[in-house]
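Step one of this worksheet: look at the structure below.
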C-alpha cells in the first residue's frame, strides 16, 4: 500500500491478545468469572528489548520465502517477466515511489513477531499465505505503475485520477461503489488514485472472472479492461524504471520492538456514556433466550475483550475507519460491560456477537459521515 512517497504504518496498539475462555469454567446456573487478564498471550519481555536490526530477519529460507517464490511463479504465469521486483523486509508493506522494490512487514518473517504484531499492532497484514499473496499482488501494482510510469499517461489519469492528488490517511469510502474494485479491506481502492490502480491490478492479476464479477459495476469494469489492455501491451516491453533502492530496510531499523510499538499511534476519541443503554439492550435476557438457574452464562465484558481486534478490524474492512480509531471505543465497551456485570446465555453467543458487530459497524459509519460516533 503505497502513498506517493512511501508507505504508512498501520497505527494502533493493544497490550495483549485474548484467548477464548475455557467454557468448562462457566458453570451451569451461575457465572464463574475468569480473571480479566488471565487468558491473554503474553510476549517475552526479553524479545521486546531486542533491536529489530539484531533479530537476524530475512525472507530466504523461511516460510515467507516460499510465499514469495509462489508469487514469482504467478507473475511468470501472467507473462510479467520484463519487470522483476526485488523484495525486502521493512516496517510495513509498500513500494517507494520511483522504485521497483517491494517492502514486506518484518514481522511476517518470524512467527514470534506475528504474535507481537497481534498484541501491539492488532492488524496483521498477511494472516495466511494466501493473504500475503493478496498484499504482494497489490504492491506489484505499484511496481508496474512506477516501472512503466503509467501515472504520466492521459488515459491512466482520466480513469484513476491525478497522481498528485493529496494522500490522506483518513478517507471517506462509499461501500460497494460500482466505480472501484474490492480487494484489500477498507475499500482501499478509494484512498488515492495510486491505490485505485494497485487494487485494480491485483484483481486482474488474481485471474478471477472479473468480467462477470464486476459486470454490474461499469466504473470498475472499465478500469479492469484498461489493465488487461495495458498489461498485454507491456509484456514485451522493458520497464522505464528499474531502481531497486530500499526504503528503511530491516537492517537499518535500530529501534527495539518495544520502542517500535510504543504508543502505536493510539488516538483519543470521544466515547459517549449513553452507550451503556445500548450495551444493556444487546445483553438483555428478554431479547435473547429465556434464562433459568441452569442456564450457562458468559461474561459480556470478556466476550467483547476476546473479540476486540476482530470487531475493530471488521469495521475497518467495511467502513475504512482505521482500527486505531475503533479500538478505544471497543475497549470502552468491554470495560463498561464488565463494570455493568453484563452477561449472556452461552447458547446465544453467536446472536450476541452479530448484534455487537452491527453495533460497532453502525458506530463506525457514524464516524465516517459525521466525524463522531454519536451523531448530533
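Read the figures in this text as sums done on the coordinates, not as results from a lab. Because the structure is a prediction, the values reported are computed rather than measured. For neighbour counting, all protein chains shown are included, and Cβ atoms are generated from backbone atoms with ideal geometry for every residue, glycine included.
Go through 106-115, 298-307 and give me the packing order, highest mean Cβ count within 10 Å leading.
Details: 106-115: 19.7, 298-307: 23.5.
Top of the packing list down: 298-307, 106-115.
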For residue 369 and residue 209, what is the calculated FRET efficiency with R₀ set at 45 Å and r taken between the beta-carbons, to the nearest 0.05? 0.85
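Multiply the residue separation of residue 171 and residue 273 by 0.36 nm, subtract the distance between their alpha-carbon atoms, and state the gained length in nm to one decimal. Could the numbers behind the result be given before it?
Values: separation 102, 0.36 × 102 = 36.72 nm, distance 2.68 nm.
Full extension of this stretch gives 34.0 nm more.
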Directionally averaged projected area (convex hull, Cα atoms, region 193-240), nm²: 3.7 nm²
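So what's the projected area for region 46-252, the Cα convex hull averaged over all directions, in nm²?
Numbers: hull surface 47.2 nm².
Taking a quarter of the hull surface, the average projection is 11.8 nm².
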Taking 0.36 nm per residue of separation between residue 128 and residue 60 and subtracting their Cα-Cα distance, the length gained on full extension comes to 22.7 nm
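Between residue 154 and residue 258, what length comes free when the chain is fully extended (0.36 nm per residue of separation minus the Cα-Cα distance, one decimal in nm)?
Details: separation 104, 0.36 × 104 = 37.44 nm, distance 4.63 nm.
Difference between extended and current length: 32.8 nm.
Sorting 255, 159 on the 10 Å Cβ count, fewest up front, what's the list? Kindly include the intermediate steps, with their values, before the conclusion.
Values: 255 13, 159 19.
Least to most surrounded, the residues fall as 255, 159.
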Cα-only Rg/Rh for region 224-264 with Kirkwood Rh rounds to 1.34
Of region 100-127, those with amide N under 18 Å from the point 7 Å along the Cα→Cβ vector of residue 48 are 107, 112-123
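Whole-Å semi-axes of region 267-370's equivalent ellipsoid, largest first, each the root of 5 times a Cα gyration tensor eigenvalue?
On the way: eigenvalues 124, 34, 27 Å².
Gyration-tensor ellipsoid for region 267-370: 25, 13, 12 Å.
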Write down Rg/Rh for region 85-153, rounded to two decimals, with Rg from the C-alpha atoms and Rh from the Kirkwood relation over Cα pairs. 1.04
